[in-house]
Structures are given as C-alpha cells and as structure tokens.
1. Quick one: Cα convex hull volume of region 25-114, Å³ per residue?
2. Within region 20-110, what percent of beta bridges assigned by DSSP are antiparallel, to the nearest 5?
3. On the full set of protein chains, 1.4 Å probe, figure out the accessible area of Glu70 and give it in Å² to the nearest 10.
4. With label points built 7 Å along Cα→Cβ from the Cα atoms of His202 and Ala86, find their separation and express it in nm.
5. Which whole-number percent of Cα pairs in the chain have a distance greater than 31 Å?
6. To the nearest 0.05, how large is the calculated FRET efficiency for Leu101 and Ile22 if R₀ is 35 Å and r is the Cβ-Cβ distance?
7. Mind ranking 203-211, 40-48 by how tightly packed they are, going by the mean number of other C-beta atoms within 10 angstrom, highest first?
8. Could you calculate the FRET efficiency of Lys46 with Glu67 from 1/(1 + (r/R0)^6), where r is the beta carbon distance between them and R0 is 41 Å, rounded to 0.05?
Amino acid sequence: MNKIDHRIHYIMMTDTETCNTIVEEDGKLNIESVLVYDLGWQVIDKRGNVYRERSLVLRDIFFHEKELMENAYYADKIPQYLKEIAEGKRIVCSLYEARQLYKADMAEYNTLTVCAHNASFDYRALQNTQRWVTKSRWRWFFPYGTEIWDTMAMARSTIAKQKSYISFCEKNGYLTSLGKPRLTAEILYRYISGDNNFIESHTGLEDVDIERQILVHCFRQHKAMEKSPFAE
C-alpha cells in the first residue's frame, strides 16, 4: 500500500466510454440509456501528480451485450480493445469488481472527490450501468457522500473567460451555435497544449490523462470557480 500524505487532496479523475440501449429518432443520444463498457481513472492531486491509474473493460457490457456494442458510437474501436486486452493493457472485469476497485482506491487515498469532464454524463452512465446490470437491486455506483467535480464547469469559470481562449476559438471556428467558445476536452486540450491537431482518443484512461491536465490548468489560474456539474 502506498504511503498516503494526508495534506494532499486526492481526486479520482474518471472517464467512461458507453453504448446505449435507446437511440432517439433524431439520432441524439438518450443520456438515461447509456451503459459503460470502458472505465478509466487516475488518482491525482491538484498539481496533476498521478498516484495510481486503472483501465478496465466491463465484461457485463463489452462481452455480454454484443448487440449493443455493435451499435456503439465507437464500435470501430472494438478490435483495438481486444488487442489491448490480449496485451494486458486493459483489464477485463465485472462491474461488481470494477466498483470494488474504485471504492478501494477512494478509501485508500481517503477521498470522496470524483472528477470528470462533462461529469454529469459519466455520473449518470455509471448509475445507469449499476442499475442495468443488477436489475436495480443496487442503484448507486458511488459511495455515499461522493462529491462530483466537473472540469467543464471549472473551465467555463476560468479558461473560457480568457481573451486568448475566446480568440483561439473564434480563429478556429470552435464556437457554439450561440457564438460561445466550445468547451469539449479535445478543444480545451488543443488550447492548453498548443497542438491544434490533437485528436481525443475516446478511450477511458487516455481521455482521463488529458482531462487531468485541464484540471491542473484551471487550478493554475488561481480564480474562484464552479466545480459542480449540478450547479444551477
């Protein structure tokens, strides 16, 4: 077991990749229907130091819901997952085992802080999956008292207000239909890294790594910021 520094606020930086059980007629994703097949996380601090990382493929969905997986948005990545599972890069486990590992890491690092980009999506996806797999016998993936942070909300409070970011988005056409700077993890990372050709992996652990750097960049602004994805 790692030696824990109790002066550090540890954070569970988390990302999910999902398939869905319902597709709306307009092609939009029904957020209440998404199921997680890829769960990645890093235990980090506010400076971006990484203390542990895990990349898990959930057997309950990836292997047991093959029809849903074939229609997943990133179904073309299935051969990549199979290759990386065979290489030991990703670990296959049940949702129950993944949840036990997740809770154990939270307990070991004495944290109830979970962070993700567009965190309301990942939060709901994991709750949906818990209920789907257990047929609602168990309804909550996260331990009681978990605090959810959202790097999108944090970026909206800090990076999105910077003239340089607004100019960057205007120059590259990274604007919403209302003319506001977009705040996807891919675009934020392009700005932070200076690599405007960066393409997000859309695999759990790899996306966690760029979201970790977005979190660090937000904290470096030393500004008051909203962290919750559920704030009104």
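The values are calculated or read from the model by the stated rules, or taken from the named source; none is laboratory data. This structure is a prediction, so every number in the text was calculated from the model and none was measured. Virtual Cβ from ideal backbone geometry, glycine too; neighbours counted across all protein chains shown. When the accessible area is computed, the model is the full protein with side chains, heavy atoms only, and any ligands, DNA or RNA have been set aside. Shrake-Rupley method; radii C 1.70, N 1.55, O 1.52, S 1.80 Å.
1. On the way: hull volume 12.5 nm³, N = 90.
Given the Cα convex hull of region 25-114, per-residue volume reads 138 Å³.
2. Values: 9 of 12 bridges.
Counting DSSP beta bridges with both partners in region 20-110, the antiparallel share is about 75 percent.
3. 130 Å²
4. Modelled inter-label distance: 2.3 nm.
5. Numbers: 5997 of 26796 pairs.
In whole percent, the long-distance tail amounts to 22.
6. Working: r = 29 Å, r/R0 = 0.82.
The formula returns an efficiency of 0.75 here.
7. Top to bottom by mean Cβ count within 10 Å: 203-211, 40-48.
8. Working: r = 42 Å, r/R0 = 1.02.
FRET efficiency, Lys46 to Glu67: 0.45.
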